[in-house]
Amino acid sequence: CGILVQDNARGTFTGNDVAKSGLAGIAISTQSSEAMFRVNTVRENKEAGILVFNGGSPVISGGSLTQNVVAGLVVMHRSTPRLSSVMIHDNIGCGCLFDEEGRGELRLCE
């Protein structure tokens, strides 16, 4: 993947263009609740644009998820991302995909 955040990692990722990764463009796992993604373009990845799994709970604001193969956003395994003002469009699969344990909040997303 382009960016991997795991094991309670922290950080703010701003203004990145994450494209054409062989897996997910961005993968976030394992209670990485202090990871923040702002105004990133995540496009043309072979799987999800953003994959949140194993209890990940990042904050994602602004930017776009577009032309990703599986979905713009995939949420699995007790994860709870919070997205606001993210453009989610023209993905080959669906815009957002949640498994039975995935939760989250989407606000003002298009």
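The values are calculated or read from the model by the stated rules, or taken from the named source; none is laboratory data. Treat the numbers as computed from the prediction; the structure is a model and nothing was measured. Cβ placement follows ideal geometry from the backbone for every residue including glycine, while neighbour counts extend to all protein chains displayed. In case anyone asks, the SASA skips ligands and DNA or RNA and just uses the protein heavy atoms, side chains included. Shrake-Rupley method; radii C 1.70, N 1.55, O 1.52, S 1.80 Å.
The residues of the stretch 65-80 that are closer than 18 Å to GLU105 by Cβ and not β-branched (Val, Ile, Thr), listed by number, are LEU65, ALA71, GLY72, LEU73, MET76, HIS77, ARG78, SER79. Within the option set LEU65, LEU108, being at pLDDT 95 or above and buried (at least 18 other Cβ atoms within 10 Å of the Cβ) holds for one residue only, LEU65.
Only residues that are surrounded by 24 or more Cβ atoms within 10 Å (Cβ to Cβ) and at pLDDT below 95: list them for the stretch 42-57, please.
Result: GLY56, single match.
Where strands (runs of 3 or more DSSP E) fall entirely within the stretch 1-41, those with at least 1 residues that are surrounded by 14 or more Cβ atoms within 10 Å (Cβ to Cβ), touching a residue at least 24 places away in the same chain (Cβ under 8 Å) and touching a Gly at 6+ places or on another chain (Cβ under 8 Å) are at 3-5, 17-19, 26-29, 35-38.
Name the residues in the stretch 5-22 that are modelled with pLDDT under 95 and of a type in the set (A, V, I, L, M), would you? Correct list: VAL5, ALA9. Under the condition of being within 13 Å of the chain's Cα centre (by Cα), open to solvent by 10 Å² or more (accessible area, probe 1.4 Å) and of a type in the set (Val, Ile, Thr), the residues counted in the stretch 75-93 number 2. Of all residues in the stretch 3-61, those satisfying the criterion of being of a type in the set (S, T, N, Q) and within 11 Å of the chain's Cα centre (by Cα) are SER29, ASN40, THR41, SER57, SER61.
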